[in-house]
Amino acid sequence: MSQIFGAHVVVYSKDAAADRAFLRDLLGFSSVDAGDGWLIFTLPPTEVAIHPAEENDRHELFLMCNDLKAEISALGSKGFHCSEVQEARWGSITRIQLPGGGELGLYQPKHPSALACP
């Protein structure tokens, strides 16, 4: 039996403090302090998909939601901009510009999920 109990996602940032505040204050994710200002956040349950690609030098993080328009509106009311929604076969997708300059994907899936929807 596997001893794997979870996954650890690393998001690289030019302004880690601002991106940590975004996860904590705006998305409401709880965290533990690993020392010296390093916060490790709890994420919602997660699923992993393996996609075929020509290159395998990148990975993406997408948060999933049940109502993308409502989530975009909530983020907008907090001063955060989302990109134009793109429709794909597998979901409606936007990206959130993080304070540190990176992007975080957000989508409403159209595909069956490995997670039970709340």
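Computed values, structure above
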{"read-out": "log10 of Debye I(q)/I(0), alpha-carbon scatterers only, for the stretch 67-118 at 0.26 Å⁻¹", "value": "-1.04"}
{"read-out": "In nm, spacing of pseudo-spin labels at residue 103 and residue 29 (7 Å Cα→C-beta vector)", "value": "1.8 nm"}
{"read-out": "Fewest-first sequence of 115, 68 by Cβ atoms within 10 Å of each Cβ", "value": "115, 68"}
{"read-out": "Integer Hz, Karplus 6.51/-1.76/1.60 couplings in order for the stretch 23-35, x for Gly and Pro", "value": "5, 6, 7, 9, 8, x, 6, 7, 8, 10, 8, 8, x"}
{"read-out": "Antiparallel DSSP beta bridges within the stretch 16-116, percent to nearest 5", "value": "80 percent"}
{"read-out": "Least to most buried among 20, 89 (fewest other Cβ within 10 Å first)", "value": "89, 20"}
{"read-out": "Exposed-loop-free span, longest in the chain, where GluC sites (Glu not before Pro) count as exposed if DSSP calls them loop and at most 12 other C-beta atoms lie within 10 Å", "value": "1-46"}
{"read-out": "For residue 15, distant residues with modelled amide H under 5 Å away", "value": "100"}
{"read-out": "Derived scalar couplings ³J(HN,Hα) [the stretch 45-62; Karplus, 6.51 cos²θ - 1.76 cosθ + 1.60; whole Hz; x for Gly, Pro]", "value": "x, 10, 10, 10, 10, 9, 10, x, 7, 6, 10, 10, 9, 8, 9, 10, 10, 10"}
{"read-out": "For the stretch 21-58 and the stretch 72-118, distance of Cα centres in Å", "value": "14 Å"}
{"read-out": "Summed residue charge, Cβ within 12 Å of residue 78's Cβ, Lys/Arg positive, Asp/Glu negative", "value": "-2"}
{"read-out": "Sequence of 10, 32 once ranked by neighbouring C-beta atoms within 10 Å, starting from the fewest", "value": "10, 32"}
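Every number here is computed from the coordinates shown, using simple stated rules; none is lab data. Just so it is clear, the model here is predicted, and its values are computed rather than measured. Positions of Cβ are generated from backbone atoms using ideal geometry, with glycine treated the same way; all protein chains shown enter the neighbour counts.
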